[in-house]
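Since the structure comes first, as structure tokens, the remarks are kept for the end.
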Amino acid sequence: MQAPVRYSPDVEVVRPDEARTIEQLNETFDTILETVANDSGHAVRSVHAKSHGILEGTLTIDAGLPPELAQGLFATPGEHKVYMRMSTNAGDILPDAVSLPRGLALKVLDVAGERLPDAEGTTQDFVMVNGQVFQAPNTEKFLGSLKLLAKTTDRIEGVKVAASTVLRGVNKALTAIGIESPTLGSLGGAPNVDPLGETYYSVTPFRYGDHIAKFSVAPVAPALKALTGTEIDASGRPDAIRETVRSEMAGIEGVWEFRVQLCRDLERQPVEDPTVQWDEEEAPFQRVAIITVRPQDSWNAERVDAVNERMRFAVWTGLAAHRPLGNINRARNAPYRHSAEFRQRFNGCPIHEPAGH
């Protein structure tokens, strides 16, 4: 196996029109934010608006990691409190019969080290989805998809449910012949799976101290693995996923592995195109930590208020050692901050990083 690529700033290539594209992304996110807030009287996230479960647990970093894996947050063995937020990727609150890709956001507390520019507090955020590639190769293509989603925000729910069913059928047919469509999935053609059984991926690359990596969180507890691929029947139950997760987490000890995929060839594992899946035979995922979540109420009102309403999850919140890389990640900085500021202003509810414990 090739040695991991050394990080240097020139692994990124900034496109000449990138700043203007990011401005347009902000404008499109504004359309989503304002439409939902004005229609519902409450501002939510511009993406991954609907939460299905808020969990509190412990991240335990493995001792004795080899030097290439003992980097950044993972350089020092030990335990950190974590919050996990499971969600669906739309920017409006939809009935669960509209099946969309799942998201997992992870906030690790009490992280020491040099911070990214404007990264408040002492936390490290990871934002992941249950797919291995992003739906667009660059910010311009992503903007096109987002404009399409913005046009459907808060439209008639019955139409969305019907469209989702059709798209899901198309996606299943494509998958049967070996083609997966992340674009169809993002528009409502994803299987309506139980989020507790899913494996999540950062999709985009990040600095990993001296190296470059993608991240993954994978279920390892037998009770979680038993749920992998299980579809939830949400007909007539607008919050079916939240209800399912809540009943399951009341009796499950959740254990997930946090895994790192080191870039070993910049041609075959590119930084700037997140539609390219990094081959796991050439660049395997390797465990660096375990996340443990005791049985709990995953929709505890106090925790939901503290985490869902008063915190934001953003890839630019964290250590300089885990700097987000590539044009999609660069484009996530301003809109994520913008979305949190809008929620804070509209709801009159301050958003902040949690204090250390």
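The values are calculated or read from the model by the stated rules, or taken from the named source; none is laboratory data. Computed from a predicted model, the values in this text were never measured in an experiment. A quick note on method: Cβ atoms are made from the backbone with ideal geometry, for glycine too, and the neighbour counts reach across all protein chains shown.
Listed by position, the strands (runs of 3 or more DSSP E) enclosed by segment 177-285 that each have at least 2 residues that are touching a Phe, Trp or Tyr at 6+ places or on another chain (Cβ under 6 Å), at pLDDT 95 or above and under 25 Å from LEU65 (Cα atoms) are 211-219, 254-262.
Considering segment 69-85, the residues that are outside any loop (DSSP other than H, G, I, E, B) and aliphatic (A, V, I, L, M) include one that is nearest to ALA321 (Cα to Cα), namely LEU73.
Residues checked against (1) out of contact with any helix residue (DSSP H, G or I) (no Cβ under 9 Å at 6 or more places or on another chain); (2) under 13 Å from VAL127 (Cβ atoms); (3) surrounded by 20 or more Cβ atoms within 10 Å (Cβ to Cβ); (4) at pLDDT 80 or above:
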site: SER298; (1), (2), (3), (4): no, no, yes, yes
site: VAL304; (1), (2), (3), (4): yes, no, no, yes
site: THR317; (1), (2), (3), (4): no, yes, yes, yes
site: ALA320; (1), (2), (3), (4): no, no, no, yes
site: LEU325; (1), (2), (3), (4): no, no, yes, yes
site: ASN329; (1), (2), (3), (4): yes, yes, yes, yes
site: PRO335; (1), (2), (3), (4): no, yes, yes, no
site: GLU341; (1), (2), (3), (4): yes, no, no, no
site: PRO350; (1), (2), (3), (4): no, no, no, no
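Within segment 74-124, being at pLDDT 95 or above, charged (D, E, K, R) and over 14 Å from the mean Cα position of the chain (by Cα) holds for GLU79, LYS81, ASP110, GLU114, ARG115. Residues in segment 204-216: is at least one among the β-branched types (Val, Ile, Thr), touching a residue at least 60 places away in the same chain (Cβ under 8 Å), touching a Leu at 6+ places or on another chain (Cβ under 6 Å) and over 18 Å from ARG85 (Cβ atoms)? Scanning segment 204-216 turns up no residue that is among the β-branched types (Val, Ile, Thr), touching a residue at least 60 places away in the same chain (Cβ under 8 Å), touching a Leu at 6+ places or on another chain (Cβ under 6 Å) and over 18 Å from ARG85 (Cβ atoms). ALA150 satisfies every condition listed in (1) at pLDDT below 80; (2) closer than 19 Å to ALA234 by Cβ except (2). Restricting attention to segment 41-69, the residues that are surrounded by 13 or more Cβ atoms within 10 Å (Cβ to Cβ) and modelled with pLDDT under 70 total 8. The single residue among GLU272, GLU281, GLU267, GLU257 that is acidic (Asp, Glu) and under 30 Å from ARG294 (Cβ atoms) turns out to be GLU257.
Checking each residue in segment 70-80 for being surrounded by fewer than 19 Cβ atoms within 10 Å (Cβ to Cβ) and of a type outside the set (Val, Ile, Thr) picks out ALA70, ALA75, PRO77, GLY78, GLU79.
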